[in-house]
Amino acid sequence: MAQPFELPDFYVPHPARLNPHVEEARQHTTRWARDMGMLEGSGIWEESDLAAHDYALLCAFTHPDCTAEALSLITDWYVWVFFFDDHFLEVFKRTQDRAGGKAYLDRLPAFMPMDPSRGTPEPTNPVESGLADLWARTVPAMSPAWRARFARATENLLNESMWELSNINEGRIANPLEYIEMRRKVGGAPWSAGLVEYAAGAEVPESVAHSRPLRVLRDTFSDAVHLRNDLFSYQREVEVEGENSNGVLVLETFLGCTTQEAAEVVNDLLTSRVQQFENTALTEVPALCVEKGLSPAECAAIAAYAKGLQDWQSGGHEWHMRSSRYMNEGVDTGPGPLDGVLGMSALDIRTLFGRPATARLRTLTHRPEQVGPSWLPEFDLPFPLTLSPHLHEARGRSLAWAGRMGLLNDIWDEAKLSGFDFALCSAGLDPDATPEELELSAEWLTWGTYGDDYYPLVYGRARDLVGARLSNERLKACMPVDEPEAGAALAVAPMERSLADLWARTAGRMSPGARQTLRGAVDVMLDSWLWELHNQAQHRVPDPVDYMEMRRLTFGSDLTMSLARLRHEGELPLEVCASGPLRSLENSAADYACLLNDLFSYQKEIEYEGEVHNAVLVVQKFFDCDYPTAAAMTDELMRSRLREFLHVKEHELPLLCEDLALDAQARAALGAYVRELEDWIAGILNWHRRARRYREEDLRGGAAPWRLGTPTGLGTSAFRLGLPEQRAEVRV
């Protein structure tokens with residue numbers, strides 16, 4: 001069968017090395033797979049299949065420095081996970097047996113007890129037998145914190161197979177952002193990262209395991225592993241197995257381009273994720289170690305973990321080029337230009353230059369420019385706008401509050417804040433709020449936007465990251481969970497006084513658990529401002545995936561949504577709040593609002609503020625395209641997130657209700673929360689249209705009207721200007 005596209009030139013900055021114990025692992029894992037029932041008689045594999053796939057070679061390349069015993073154990077884990085993937089495909093995906101698949105998956109967590117002495121149920125198939133054996137052999141060497149993280153990653157890998165199955169049943173192809181999020185869980189790379197800790201003897205300190213730098217190392221590693229796999233496995237997954245969960249297919253569909261063009265874009269995104277890994281490892285991780293006061297041993301463990309992830313990337317690439325499981329005809333696996341130098345046979349220095357180097361350079365050389373008024377698409381939002389009847393009263397009270405708090409004494413004045421009209425935004429976000437709730441909401445928006453404006457001006461231009469970090473510490477001290485009113489005594493500056501006031505009035509009426517949730521939402525928003533300053537100090541346009549994930553936090557989405565969730569505290573079961581469908585619903589709503597904001601604020605941020613944090617600019621730099629093309633692509637991505645929101649609402653939430661057997665009260669609370677998210681989106685769009693913050697006359701005054709030209713380029717097939725049926729030519 002002819003290959004559907006030519007494999008691109010991959011960015012592989014670190015050489016692959018081979019563990020000398022590979023043959024021992026091959027022999028061991030063949031015996032083990034047979035003992036677990038995975039070979040002859042399983043209906044899935046014969047011994048010849050296992051030999052051809054050569055998972056021992058994969059693990060020897062990805063864990064080149066571990067002992068023979070550790071390599072054999074890790075190889076068994078990979079045999080198990082690939083067997084599970086093929087077993088689930090054959091038994092449940094091919095038959096589209098959703099009920100059977102769910103029952104099968106529901107049993108597996110019982111084979112990963114936190115206390116191994118508790119035992120496990122009697123296995124009924126090779127997947128259960130293998131998991132019980134592997135868990136018992138692995139967890140004695142690791143801490144309870146690692147066990148919990150690894151079990152959660154394993155459950156995500158298993159359970160999100162239901163998402164793939166549902167999409168196959170519906171014939172639905174995900175949008176790019178949805179795909180990246182779900183692929184991390186389904187693809188299992190976070191699970192692989194956990195095994196790196198085991199193999200390297202480098203367990204990540206629990207105190208920083210969930211910090212942004214460590215999360216980014218894990219997520220960029222995961223995304224790069226998955227995108228590379230998508231390129232090599234496209235032919236098998238899409239053309240042979242009928243899968244629709246593949247990054248090449250996702251971008252081919254979204255961009256309306258050829259398979260070859262989509263493969264090149266996937267490879268560019270892979271490169272961007274690897275370069276984000278490098279940037280985080282070199283600039284954010286060392287600062288984290290200093291900030292948290294980690295011991296030399298803890299710092300060494302993190303360094304060994306990062307090295308282990310690098311080894312996995314290079315080794316995984318080498319294995320993909322050799323394994324019979326993947327499309328790899330015509331790739332060069334012979335000696336490289338540095339043949340003969342120990343450990344350098346897999347390194348091709350050509351991958352360090354050319355397209356990867358050009359892409360990195362574009363992210364570091366942006367200059368502010370005159371761009372003219374922001375182009376705005378037709379917002380075909382299906383949700384009606386409803387405004388609170390208490391709007392006028394909230395306007396006056398929130399404006400007076402800002403004056404009392406001192407927020408009108410430096411970067412803002414009363415006229416400017418009146419034009420921003422945050423009460424109008426709150427009136428749309430929460431039309432059913434009481435007068436007190438609406439005033440509080442408008443004041444939270446006032447405080448958050450003030451901080452978002454203040455930090456770049458005061459700390460960004462001076463590159464004062466230390467001052468910003470100290471400011472964050474003071475602000476967080478103003479939000480004590482145990483005694484909300486006590487924060488006022490610690491507040492000095494206007495931002496501190498206003499936050500302490502909001503915290504006392506909001507958290508004082510909440511349960512301790514709800515306070516902790518709200519505190520977490522404010523904390524991550526504050527920390528996201530430091531991320532913006534970090535990029536600003538480097539004058540670096542962010543990586544696309546990192547940008548979208550952090551944009552939800554800088555926009556305050558988690559804060560405003562958490563306030564809505566807390567209204568239903570006790571009504572929505574915890575398993576609903578933590579479920580994949582609800583997170584997808586919230587993330588798609590947040591991304592729609594963030595992209596909408598970036599379209600409105602493009603001129604303000606690019607021309608007037610010299611910002612590097614705007615989705616349109618990120619798209620411009622990633623695709624090396626012009627503003628009209630990037631704006632059209634941003635619009636289409638925004639629309640795809642809206643379609644996802646509607647899909648989750650109409651298809652995935654009803655299935656969730658059935659799977660969890662929710663009663664009428666819980667279903668009603670879930671329905672009310674969905675309607676509040678719809679109000680949230682409609683209110684944000686209405687505010688952007690009416691607020692005096694983004695229009696040319698607000699920024700400059702008296703300028704002549706400006707119109708956007710018709711975009712051309714990759715991903716502009718859905719561009720709309722005037723009639724919805726208009727299409728622009730796709731040209732690469």
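The values are calculated or read from the model by the stated rules, or taken from the named source; none is laboratory data. Predicted model only: the values in this text are computed from it and were never measured. So basically every Cβ, Gly included, is an ideal-geometry build from the backbone, and we count neighbours across all protein chains shown. Accessible surface is based on the protein model in full, side chains and every heavy atom, while ligands, DNA and RNA are left aside. Shrake-Rupley method; radii C 1.70, N 1.55, O 1.52, S 1.80 Å.
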Complete set of residues in the range 205-224 that are part of a helix (DSSP H, G or I) and either over 21 Å from the mean Cα position of the chain (by Cα) or without any contact (Cβ under 8 Å) to a residue 12 or more places away in the chain (or both): ARG215
Contacts under 7 angstrom Cβ, first residue in the range 138-149 being among the charged types (D, E, K, R), partner open to solvent by less than 40 Å² (accessible area, probe 1.4 Å), 6 or more apart: ARG147/VAL139; ARG149/GLY194; ARG149/ALA209
Residue list for the range 580-599, restricted to those being under 24 Å from VAL371 (Cα atoms) and of a type in the set (A, V, I, L, M, F, W, C): ALA593, CYS594, LEU595, LEU596, LEU599
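Here is a list: PHE353, PHE383. Which entry is at pLDDT 95 or above, over 20 Å from ARG497 (Cα atoms) and either of a type in the set (Phe, Trp, Tyr) or under 27 Å from the mean Cα position of the chain (by Cα) (or both)?
On the way: PHE353 fails: at pLDDT 95 or above.
Going through PHE353, PHE383 in turn, just one is at pLDDT 95 or above, over 20 Å from ARG497 (Cα atoms) and either of a type in the set (Phe, Trp, Tyr) or under 27 Å from the mean Cα position of the chain (by Cα) (or both): PHE383.
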Filter result for the condition that a residue is part of a helix (DSSP H, G or I), under 24 Å from GLU575 (Cβ atoms) and in contact with a Gly (Cβ under 7 Å, 6 or more places away or on another chain), over LEU105, LEU157, LEU131: LEU157
Options THR259, THR271, THR220, THR283; residue that is closer than 23 Å to CYS299 by Cβ and touching a Phe, Trp or Tyr at 6+ places or on another chain (Cβ under 6 Å): THR220
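Being open to solvent by 20 Å² or more (accessible area, probe 1.4 Å) and either closer than 29 Å to ASN246 by Cβ or more than 28 Å from the chain's Cα centre (by Cα) (or both) narrows it down to one residue among GLY171, GLY201; which is it?
Values: GLY201 fails: either closer than 29 Å to ASN246 by Cβ or more than 28 Å from the chain's Cα centre (by Cα) (or both).
GLY171 is the lone residue from the list that is open to solvent by 20 Å² or more (accessible area, probe 1.4 Å) and either closer than 29 Å to ASN246 by Cβ or more than 28 Å from the chain's Cα centre (by Cα) (or both).
Pick from ALA590, ALA630: which is open to solvent by less than 10 Å² (accessible area, probe 1.4 Å) and either touching a strand residue (DSSP E or B) at 6+ places or on another chain (Cβ under 8 Å) or within 22 Å of VAL266 (Cα to Cα) (or both)? Steps first, answer last, please.
On the way: ALA590 fails: either touching a strand residue (DSSP E or B) at 6+ places or on another chain (Cβ under 8 Å) or within 22 Å of VAL266 (Cα to Cα) (or both).
On inspection, the qualifying residue turns out to be ALA630.
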Residues located in the range 16-56, provided they are on the phi > 0 side of the Ramachandran plot, surrounded by 15 or more Cβ atoms within 10 Å (Cβ to Cβ) and out of contact with any helix residue (DSSP H, G or I) (no Cβ under 7 Å at 6 or more places or on another chain): ASP54
Subset of the range 472-495 that is open to solvent by less than 10 Å² (accessible area, probe 1.4 Å) and assigned to a helix (DSSP H, G or I) - its residue that is farthest from HIS613 (Cα to Cα): PRO484
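Among the residues in the range 620-633, are any of a type in the set (Lys, Arg) and out of contact with any Lys or Arg (no Cβ under 6 Å at 6 or more places or on another chain)?
Of the range 620-633, the ones of a type in the set (Lys, Arg) are 621.
Those left that are additionally out of contact with any Lys or Arg (no Cβ under 6 Å at 6 or more places or on another chain): none.
Among the residues of the range 620-633, not one is of a type in the set (Lys, Arg) and out of contact with any Lys or Arg (no Cβ under 6 Å at 6 or more places or on another chain), which makes the answer no.
Does ARG183 count as farther than 30 Å from SER528 by Cα and touching a residue at least 12 places away in the same chain (Cβ under 8 Å)? Break it down stepwise before answering.
Working: farther than 30 Å from SER528 by Cα: no; touching a residue at least 12 places away in the same chain (Cβ under 8 Å): yes.
The answer is no for ARG183.
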Residue in the range 496-517 that is farthest from the chain's Cα centre (by Cα), counting only those that are at pLDDT below 95 and open to solvent by 50 Å² or more (accessible area, probe 1.4 Å): ARG509
LEU361, sole failed condition from (1) open to solvent by 80 Å² or more (accessible area, probe 1.4 Å); (2) part of a loop (DSSP other than H, G, I, E, B); (3) modelled with pLDDT of 90 or more; (4) not acidic (Asp, Glu): (2)
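Within the range 80-94, is there a residue that is closer than 21 Å to GLY315 by Cβ and in a loop (DSSP other than H, G, I, E, B)?
Step one: filter the range 80-94 for residues closer than 21 Å to GLY315 by Cβ, giving 80-83, 85.
Next cut, in a loop (DSSP other than H, G, I, E, B) only: none.
The answer is no, given that none of the residues of the range 80-94 is closer than 21 Å to GLY315 by Cβ and in a loop (DSSP other than H, G, I, E, B).
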Pair list, Cβ under 8 Å, 6 or more apart: the range 388-409 residue farther than 9 Å from GLU439 by Cβ, other residue open to solvent by less than 20 Å² (accessible area, probe 1.4 Å) and of a type in the set (S, T, N, Q): SER388/SER426; ALA402/THR446; ALA402/SER498; MET405/SER498; GLY406/SER498; LEU407/THR446; LEU407/SER498
Subset of the range 91-149 (residues that are under 28 Å from the mean Cα position of the chain (by Cα), among the charged types (D, E, K, R) and more than 20 Å from MET38 (Cβ to Cβ)): ARG98, LYS102, ASP106, ARG147, ARG149
Total residues in the range 83-132, condition open to solvent by 50 Å² or more (accessible area, probe 1.4 Å) and either within 23 Å of HIS53 (Cβ to Cβ) or hydroxyl-bearing (Ser, Thr, Tyr) (or both): 8
Residue within the range 518-533 that is part of a helix (DSSP H, G or I), open to solvent by less than 10 Å² (accessible area, probe 1.4 Å) and more than 28 Å from GLU284 (Cα to Cα) present: no
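Pick from the range 1-37 the residues that are of a type in the set (Asp, Glu) and in a loop (DSSP other than H, G, I, E, B): which of them is nearest to the chain's Cα centre (by Cα)?
Narrowing the range 1-37 to residues of a type in the set (Asp, Glu): 6, 9, 23-24, 35.
Still in the running and in a loop (DSSP other than H, G, I, E, B): 6, 9.
Details: GLU6: 29, ASP9: 25 Å.
Taking the candidates together, the pick is ASP9.
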Pairs, first under 16 Å from ASN535 (Cβ atoms) in the range 611-627, second open to solvent by 30 Å² or more (accessible area, probe 1.4 Å) and among the basic types (Lys, Arg), C-beta under 7 Å, six or more apart: LYS621/ARG362
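Tell me the helices (runs of 4 or more DSSP H) entirely within the range 571-674 that contain at least 2 residues that are at pLDDT below 95.
Numbers: elements: 574-577, 580-600, 615-623, 627-647, 653-659.
Result: 574-577, 580-600, 653-659.
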Residue match in the range 403-419 (condition: touching a Leu at 6+ places or on another chain (Cβ under 7 Å), open to solvent by less than 20 Å² (accessible area, probe 1.4 Å), over 26 Å from TYR602 (Cβ atoms) and modelled with pLDDT of 95 or more): no
Members of the range 232-283 that are hydroxyl-bearing (Ser, Thr, Tyr), modelled with pLDDT under 95 and within 16 Å of LEU7 (Cβ to Cβ): SER233, TYR234
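Across the range 133-164, which residue is modelled with the lowest pLDDT among those that are closer than 27 Å to ASN244 by Cβ and open to solvent by 40 Å² or more (accessible area, probe 1.4 Å)?
From the range 133-164, those closer than 27 Å to ASN244 by Cβ are 152-164; that's our starting set.
Keeping just the survivors that are open to solvent by 40 Å² or more (accessible area, probe 1.4 Å) gives 152, 155-156, 159.
Details: ARG152: 90, GLU155: 88, ASN156: 82, ASN159: 73.
Only one residue tops the list, namely ASN159.
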Residue in the range 560-570 that is surrounded by fewer than 19 Cβ atoms within 10 Å (Cβ to Cβ), touching a residue at least 60 places away in the same chain (Cβ under 8 Å) and over 20 Å from ALA672 (Cβ atoms) present: no
Filtered residues of the range 212-225 (kept if open to solvent by 10 Å² or more (accessible area, probe 1.4 Å) and touching a helix residue (DSSP H, G or I) at 6+ places or on another chain (Cβ under 6 Å)): PRO213, ARG218, VAL225
Residue match in the range 195-204 (condition: at negative phi, part of a loop (DSSP other than H, G, I, E, B), modelled with pLDDT of 95 or more and touching a Leu at 6+ places or on another chain (Cβ under 8 Å)): yes
